[in-house]
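Notes for the one structure printed next.
The values are calculated or read from the model by the stated rules, or taken from the named source; none is laboratory data. What you see is a predicted model, and the numbers here were worked out from it, not measured in a lab. Cβ atoms come from the backbone with ideal geometry, glycine included; neighbour counts cover every protein chain shown. Areas reflect the complete protein model, heavy atoms only, side chains present, ligands, DNA and RNA absent. Shrake-Rupley method; radii C 1.70, N 1.55, O 1.52, S 1.80 Å.
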Amino acid sequence: MNKHLSNILAATLVAGTSICAAAQSNPDEKYLSWETYDGNDLEMTVDNTGTRFTLWSPEAQAARVYLYDTDRNSSATDTLEMTRGERGTWRASVARPLYGKFYTFSIKHDGKWLAETPGAWAKAVGTNGHRAAIIDFAKTDPEGWAEDKGPKVDHITDVVLYEMHHRDMSMSPTSGIVHKGKFLALTEPGTTNSHGEATGIDHLKELGVTHVHILPSYDYNSVDEANLPSNQYNWGYDPYNYNAPEGSYSTDPANPSARVREMKEMIKALHDAGIGVVMDVVYNHTANNDDSNFSLTAPGYYYRHRPDGSYSDASGCGNETASDRKQMSDFIVNSVKYWADEYHIDGFRFDLMAIHDTETMNRVASELKKINPSIFVYGEGWTAGDSPLPAERRALKENVSKMEGIAVFSDDIRDAVKGHYSSAEDRGFATGKPGNEETVKIGIVAATAHPQVDYSKGNNSKFAYAASPEMIINYVSCHDDLMLTDKLAKSMPGSTEAERQRAARLAQTIVFTSQGTPFMFAGEELFRDKQGVHNSYKSPDSINAINWDLKHYNADQFNYYRELIALRKAHPAFRMTTADEIARNIVFDKVSEPNLISYSIKNNANGDQWKEIKLVFNGSSEAREVSIPKGNWTVIARDGQISATGLDTAKGGKMTVAPTSALILAREK
Ligand code: CA
């Protein structure tokens, strides 16, 4: 159930199956008539005047609240019988604040009392999240929290994303970090590896990324919080309590305030360092089916079903949620708003976003912008299986132009640059396989319409699906599938590490100079690997943890990434914000050799000081000669080296592009 199946291309879906399903009896039709409740007092509110419980459960025959003194291993101290309220709710209250207590709900359904649940809206929980907690959130704020703010973002294309798992970053003894595997790991300044080089948050500052994208950090199911010394590892794509932080990342899962305060401290430390925080959110499925908090509060309602009544499974994880139903759509919208308000989260990455409907995603984006215009949203524009939701309503990559303020991952550039994700041995443009040139160009122009890009030759997409570069996230590697280092090892048998590092540099140079928003996986800049494990969702730390001493051994690799990021940040030409600008300013050169792309970004694009930037990518294992217009060029990248401010100068004419490398030149007039 924890197996995270993603990356199944929308193109593999069988067209029309959803329409057939809809024509048969639809077991979900009944839910459309259920009364919904959008009050902001779900499911518990507390202040000095009292504690109020409001459970949404339209079909319950009765409902109760159980109160506890501890988070587990104790009997209820009180039972509150709830009374029916308006619009499908049940209510109970106590005329005093119950700070420090825990609670669960139980409903009577079809004549039977269902198992206890912390509810779907628990904002604080105890060990393993089985009981919700009543805490004073004001007391969880770190000092200076009221003034805390993430970086201002005018355009998502100005962002540089760094995807990380809390344990990957800190578990290795070489991290020098005290709070290993915890939220607090990123609050520690001055940490170093065995060679005295910066790790943790100081490393992030040195690298220059603008935002970290943290893998699921809400309370998930798989890791036993009562047994932390066993060092279990999980990515966390098995949601349990969507609105409370994961306990295993706190120093004390039994103390419900600790995980809240420590996550805020992490966010504050990153914000103080000028770094924003994007949270990976997985509203598309839950870890459990009949036993989930959704099922135990409103059985059936939150999920889609097949005509035979079984759970449909577009997530590949056993169920899929139903954002096309009002209460579920509101749940998603209110949940991200809560994380943005209470935790100052700067962006959201939606897992298997195409399981959600475009209307919900549009609401997500517009509601978040009201809280903070710098917040951005992106997601996987595909599902991991078919869904009863019609394809035209899904938040698919192909539908991204129907979504204002939402971006999607480009599997086009990903697979074209390094080889297809599903075949370990497959090579791509950067590793010498011909036939990917046009798809790489689709990546360079961020899947927008360009007069020189022939979408009929695209490997994954046949049309310009993005109306704007702000709709595209470019990447060649992430937590899923073989990370870049491992992909290169598997697809380049017999190669040296130096050759593979060259290929990695070329691959990332293409990503970081392309229009759209660049995204990288933590530790790639150190050339870390995961020992060839493509689905390391529950692999031990020995596979997943970053060995920070690699920063010393692969110092050149790290410096290359740092300069590449500095180049992008210094030059708005790489960060155009409209499709029109891209079509006007990017001019591809005619080249005939395979694995060669040459283009210019002209006209001081997007206000750049550089009049023209010339980029030539040679993915072949042979040197190529290209003709560069005469002029006073600064050499930015050549033969596997890069400097944002220039390595050298050149006069143009015939120039050689070394095997597996990028040549980047720039001129001011
Ligand atoms: Ca948990």
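The spacing between region 617-636 and region 254-278, judged by their C-alpha centroids, is 46 Å.
Take each peptide in 594-607, 375-388, 392-405, count the other Cβ atoms within 10 Å of every residue, and average; sorted highest first, the result is 375-388, 392-405, 594-607.
Between ARG96 and LYS205, the simple label model (points 7 Å from Cα in the Cβ direction) yields a spacing of 4.8 nm.
Straight-line reach from LYS441: taking Cα to Cα under 19 Å and skipping same-chain neighbours fewer than 8 places apart, the lysines in range are LYS397, LYS418, LYS433, LYS457, LYS462, LYS590, LYS602, LYS614. Descending by average beta-carbon neighbour count within 10 Å, the peptides 563-569, 459-465 line up as 563-569, 459-465, the highest first. Estimated purely from DSSP H runs of n ≥ 4, each contributing -39500 (n - 2.57), the mean residue ellipticity at 222 nm for the chain is -6500 deg cm²/dmol once divided by its residues. Can you tell which of ALA545, PHE588, ILE642 lies farthest toward the positive end of the dipole of the chain, using +1 and -1 charges on the Cβ of basic and acidic side chains (Lys, Arg; Asp, Glu)? The listed residue farthest towards the positive side: PHE588. The residues of region 41-89 present an accessible area of 47 Å² per residue when probed at 1.4 Å with all protein chains retained. Packing here is the average count of other Cβ atoms within 10 Å per residue, and on that basis the peptides 466-477, 152-163, highest first, run 466-477, 152-163. Diffusion coefficient of region 418-537 by Stokes-Einstein, Kirkwood radius over Cα pairs, 20 °C, 1.002 mPa s: 145 µm²/s. Comparing TYR302, LEU663, ILE406 along the charge dipole axis of the chain, the residue lying farthest to the positive side is LEU663, per the Cβ-charge model. Between region 44-85 and region 410-430, the C-alpha centres lie 52 angstrom from each other.
Helix 497-513 axis versus longest C-alpha principal axis of the chain: approximately 80°, rounded to the nearest ten. The alpha carbons of region 515-669 stretch over 54, 35, 28 Å along the principal axes, in descending order. Summary of the geometry: region 193-213 and region 525-565, compared by the centres of their Cα atoms, lie 13 Å apart. Here is the size of the chain from its Cα atoms: Rg then Dmax, 25.6, 84 Å.
In the full protein context, region 511-669 carries 38 Å² of accessible surface per residue, based on a 1.4 Å probe and ignoring ligands, DNA and RNA. Note on the chain: with neighbouring protein chains present and a 1.4 Å probe, carbon and sulfur make up 48 percent of its accessible heavy-atom surface. The alpha-carbon atoms of region 40-150 define a convex hull whose volume equals 135 cubic angstrom per residue.
Placing +1 on each Lys and Arg Cβ and -1 on each Asp and Glu Cβ, with no other charges, gives the chain a dipole about its Cα centre of roughly 1260 debye. Per residue, region 205-298 exposes an accessible area of 22 Å² to a 1.4 Å probe, with every protein chain left in place. Counting only alpha carbon atoms, the long axis of helix 326-343 and the longest principal axis of the chain meet at about 70°. The share of alpha-carbon pairs in region 190-255 lying farther apart than 20 Å comes to 46%.
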